[in-house]
Every structure is written in C-alpha cells, then in structure tokens.
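Everything on this sheet refers to the single structure shown next.
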Amino acid sequence: MDTLDYRVEDGVGWVRFTRGQIHNPLDVPLRSDLMEVLAQVRDDAQVRVLVLTGGAGAFCAGGNLQALREHVDAGPAYWQQRIQAGLRLSDDLLNLGRPVIAAIDGPAIGAGFALALCADLLVGTPRARFCMAHLRLGLVPDLGALYLLPRVVGLQRARELTYSTREVDAQEALRLGLLMEVCESDALEARVRAIAQSMARAAPAAVALAKSMLNASLDGDRRSAFALEAASQAAAFAAEEPRAQIEAALARQRPAFAGFPRVREGGGA
C-alpha cells in the first residue's frame with residue numbers, strides 16, 4: 001500500500017499513514033487503502049483493537065487540494081458519488097466491531113478531523129490540533145462530521161467550530177472531550193499500546209455488541225435503547241464466551257476468547 005503501513009502486533013492492528021511529509025491527505029488512494037485494511041480486519045479474528053496514527057508530527061490534514069482542484073467542475077453526480085464513497089469509509093469504521101483508537105500527534109484538519117471522530121477514543125499530544133476547515137473552501141463538512149461532532153462536543157459548540165473554522169489546540173480539545181487524554185509525543189505510542197492491550201483482553205463478541213449499542217445510544221429513545229440492550233445481551237449469552245469467562249473466573253483463570261462475530265448496524269449479530 002502506498003499511503004499507509006498496516007501491521008498486527010499482539011492482537012492490535014496498527015495503521016500508520018506514511019505520507020507525513022504532505023500531512024497524509026485523505027484522498028482517493030488513502031481512502032482505498034483504508035477500506036482494504038478494514039476488510040482485512042473484519043476477516044481476522046486475531047485483531048481485537050485497531051489504531052490509526054499519522055506518525056510523528058502528523059495525523060491527517062484533510063483533502064488533497066490539488067486533486068480537488070482537478071475535479072472541482074466535475075458536476076453534482078460525480079461529487080455525490082465521491083462523498084458517498086467517503087461515507088462508506090466512515091460507516092465501516094463506526095461499525096467495525098472493534099475499538100478504534102486515533103493516536104494524534106499533529107493536525108487533524110477538515111476530513112482528517114472527521115476521520116478522527118470515527119474513532120472510539122482519541123489520544124493526542126501537545127502537537128495535536130483540530131479544525132473543521134471546510135467552510136473556508138465554500139464546502140460543507142463531510143465524512144459524517146456534522147453527525148459525529150455534536151455527539152462529542154454538543155450542538156452549540158459544534159456550530160461554533162463549524163462556522164468559525166478556527167483551530168482547537170490539544171488542551172482545548174481535552175476540555176471539549178475531543179481528546180480523551182494528552183501525553184508527550186515520545187510517550188504516545190506506548191500509551192496507546194497500553195490502552196489497546198487493556199481492551200484486547202475483553203470478550204470480542206461482547207465488545208462488538210457493546211460498540212453497536214453505544215453507537216445507537218444517542219439516536220433513539222430510552223425504550224428503544226432498552227429493547228436493544230435486551231436483544232444484545234441475549235445475543236451475547238448465546239455465544240460461547242460468557243460460559244468460558246464464568247468458568248475461568250470461578251477457576252481463577254483467563255479464558256481464550258473466540259473471534260469476533262460480524263455485527264450489523266443496529267446491534268444484530
């Protein structure tokens with residue numbers, strides 16, 4: 001792959017964007033490579049957690065302006081198709097069935113900000129910064145950003161960040177809840193590795209079901225959420241893992257969990 005490096009280490013899949021010198025633009029090549037990696041992850045039961053990182057001093061600084069200029073007059077049909085392709089990437093990340101961690105050591109701008117919002121957890125360094133920059137180009141945020149951002153920072157703050165297109169530094173991002181925590185650049189990978197390893201020990205089927213339920217938690221009413229919880233817990237108990245976990249816990253042992261199920265959007269296994 002030309003835009004990223006993908007490796008699996010101790011149950012954690014590491015996606016490292018490799019074009020840091022141009023700030024890892026989220027163009028068609030990167031999107032295609034990410035979709036290919038996600039397909040591999042879905043079929044690999046050994047991958048329990050996925051990490052996205054842009055390397056030292058970088059994450060993803062949005063779209064490739066040169067490529068955008070080449071197609072600016074392509075017409076509505078072209079752009080609708082292209083945006084739908086980007087939304088499929090967002091959907092695939094949100095519905096992956098594994099925790100996704102974004103390790104951010106530089107700018108997450110425009111589409112790069114939206115990509116980071118598709119992760120379950122964001123861990124950054126003092127060099128991390130965020131900007132919903134689309135309106136500077138006369139465009140609207142894409143990759144699901146206007147669905148995801150209000151769910152993290154609230155509607156009023158999402159409006160302000162979108163309309164002002166201002167940059168948010170790491171400390172403000174921490175206060176707003178965009179970043180879960182901030183650590184120094186030289187400690188970022190070790191810290192993310194420790195978080196990922198703690199999650200990799202959890203029961204895979206239960207993780208997949210819980211992620212699906214959390215994704216749906218802000219979209220429905222309480223009655224629907226409770227119904228989804230009952231259906232998901234029934235699905236969890238139908239798997240082998242609770243039996244193995246209970247037996248192992250009683251025996252003071254650690255179980256060897258089976259692979260991830262494919263979980264459809266909405267919580268069904």
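The numbers here are math on the coordinates, done by the rules we state, and not lab data. Fair warning: this is a prediction, and the values are worked out from it, not measured in the lab. Please note: Cβ atoms are built from the backbone with ideal geometry, for glycine as well, and neighbour counts cover all protein chains shown.
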For the chain, the longest principal axis of the Cα atoms and the Cα long axis of helix 241-250 enclose an angle in degrees, to the nearest 10, of 60
Please label the shape of segment 1-91 as rounded, prolate or oblate, based on the square roots a ≥ b ≥ c of the eigenvalues of the alpha-carbon gyration tensor (a/c under 1.5 means rounded; beyond that, a/b larger than b/c means prolate, else oblate). oblate
Order of C60, C183 under a 10 Å beta carbon neighbour criterion, fewest first: C183, C60
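Taking 0.36 nm per residue of sequence separation and subtracting the Cα-Cα distance, how much length would be gained by fully extending the chain between F237 and V8, in nm to one decimal?
79.6 nm
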Expected unfolding gain across A45-L250 under the 0.36 nm per residue rule, minus the alpha-carbon gap, is 71.2 nm
Using Cβ contacts closer than 10 Å as the measure, can you line up W14, W79 from fewest to most? W79, W14
Among I246, I109, rank each residue by its count of other Cβ atoms within 10 Å, from fewest to most, as a rough exposure measure. I246, I109
Enter the angle in degrees (range 0 to 90, nearest 10) between the Cα long axis of helix 204-216 and the first principal axis of the Cα atoms of the chain, meaning the one along which they spread out most. 50
Can you tell me the 0 to 90 degree angle between the C-alpha axis of helix 188-200 and the longest principal axis of the chain, rounded to 10? 40
I need the shape label for segment 4-200. Rule: rounded when a/c is under 1.5, else prolate if a/b > b/c, else oblate, with a, b, c from the alpha carbon gyration tensor. oblate
